[in-house]
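One structure is given below, represented as structure tokens, and several questions about it will come after.
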Amino acid sequence: MSKRETNEARESSEQMPDDWYWMEQAFRLAERAALAGEVPVGAVLVRDGELIGSGWNQPIGSCDPSAHAEIVALRNAASNVENYRLPDTTLYVTIEPCAMCAGAMLHARVARLVFGAPEPRNGAIISQLTILENSQLTHQIEWQAGVMAEECKRLIQNFFRARRKA
């Protein structure tokens, strides 16, 4: 079984005991982003059962195109632990990461990624690209999709539905 097949098999079956809890924390941050008028994506970075970084989408408010929830969480964690390398961590994010965020996770040496809903237009894990499946990379990230997928998908859909009506 290939790495991709192994990850896809986990998509709906295997969850670590705390995955739902940490995804709920990311979801709350996504709701915070929505209240600020940002695309509702939230992320938390966890090591040994402890939160070390968190973030929500902030590119509009911060005038920073790189201020995606994942990048903000990675920056926050790196500052908190005083190291840009973040081994033995799990990043929980409500929506499938884009290529920029996947690259940042690779450089930070994140061990595991858990995301809620796929992002059909810009997702770089399973939707448009499969960046983490490249065996030539110097670091490999284990990943799992689908934790709270329906809730995460509904939050994004409701946000864009409201924006179109406005």
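The values are calculated or read from the model by the stated rules, or taken from the named source; none is laboratory data. What you see is a predicted model, and the numbers here were worked out from it, not measured in a lab. When we count neighbours, we look across all protein chains shown, and the Cβ atoms used for this are built from the backbone with ideal geometry, even at glycine. Protein only, heavy atoms only, side chains kept; ligands, DNA and RNA dropped before computing areas. Shrake-Rupley method; radii C 1.70, N 1.55, O 1.52, S 1.80 Å.
Could you grab the pairs with beta carbons closer than 7 Å, sequence gap of 6+ or different chains, first residue in the range 128-139 and part of a loop (DSSP other than H, G, I, E, B), second one open to solvent by less than 60 Å² (accessible area, probe 1.4 Å)?
So the pair list comes out as L129/A99; L137/L106; H139/L106.
Is it fair to say S79 is of a type in the set (S, T, Y) and open to solvent by 50 Å² or more (accessible area, probe 1.4 Å)?
So S79 fits the description; yes.
Further, regarding this structure: If the requirement is being open to solvent by 50 Å² or more (accessible area, probe 1.4 Å), more than 12 Å from the chain's Cα centre (by Cα) and closer than 22 Å to G49 by Cα, which of these qualifies: R164, R109?
R109
A further question on this structure: Can you spot a residue in the range 72-84 that is farther than 25 Å from R154 by Cβ, aromatic (F, W, Y) and more than 10 Å from the chain's Cα centre (by Cα)?
yes
Being open to solvent by 70 Å² or more (accessible area, probe 1.4 Å) and touching an Asp or Glu at 6+ places or on another chain (Cβ under 9 Å) narrows it down to one of P118, P65, so name that one. If you could, list the steps in order and put the result at the bottom.
Values: P65 fails: touching an Asp or Glu at 6+ places or on another chain (Cβ under 9 Å).
None of the other options fit; the residue is P118.
Of all residues in the range 137-150, count the ones that are open to solvent by 60 Å² or more (accessible area, probe 1.4 Å) and at pLDDT 95 or above.
Residues meeting the conditions: 3.
Quickly run through the range 27-55 and pick out the residues that are touching a residue at least 12 places away in the same chain (Cβ under 8 Å), of a type in the set (D, E) and closer than 20 Å to A111 by Cβ. Step through it out loud before you land on a result.
Of all residues in the range 27-55, those touching a residue at least 12 places away in the same chain (Cβ under 8 Å) come to 27-34, 36-49, 51-55.
Cutting the leftovers down to of a type in the set (D, E) gives us 31, 38, 48.
Of everything in the range 27-55, just one residue is touching a residue at least 12 places away in the same chain (Cβ under 8 Å), of a type in the set (D, E) and closer than 20 Å to A111 by Cβ, namely D48.
Take the residues in the range 4-33 that are surrounded by 20 or more Cβ atoms within 10 Å (Cβ to Cβ) and at pLDDT 95 or above, then tell me which one is farthest from the chain's Cα centre (by Cα).
The qualifying residue farthest from the chain's Cα centre (by Cα) is A33.
State all residues of the range 87-115 that are in contact with an Asp or Glu (Cβ under 6 Å, 6 or more places away or on another chain) and β-branched (V, I, T); if no residue qualifies, say none. Steps first, answer last, please.
Start the filter on the range 87-115 by keeping residues that are in contact with an Asp or Glu (Cβ under 6 Å, 6 or more places away or on another chain), which leaves 93, 95-97, 101, 111-112, 114-115.
Selection gives V93, I95, V114.
In addition: Would you tally the residues in the range 29-56 being part of a strand (DSSP E or B) and under 17 Å from G116 (Cα atoms)?
Going through the range 29-56 one residue at a time, the tally reaches 8.
Out of the range 115-125, which residues are closer than 17 Å to E70 by Cα and in a loop (DSSP other than H, G, I, E, B)?
Across the range 115-125, the qualifying residues are P118, E119, N122, G123, A124, I125.
May I pose another question? Right, Y84: free of Cβ contacts under 8 Å to residues at least 60 places away in the same chain and of a type in the set (F, W, Y) or not?
Yes; evaluated as a whole, the condition is true for this residue.
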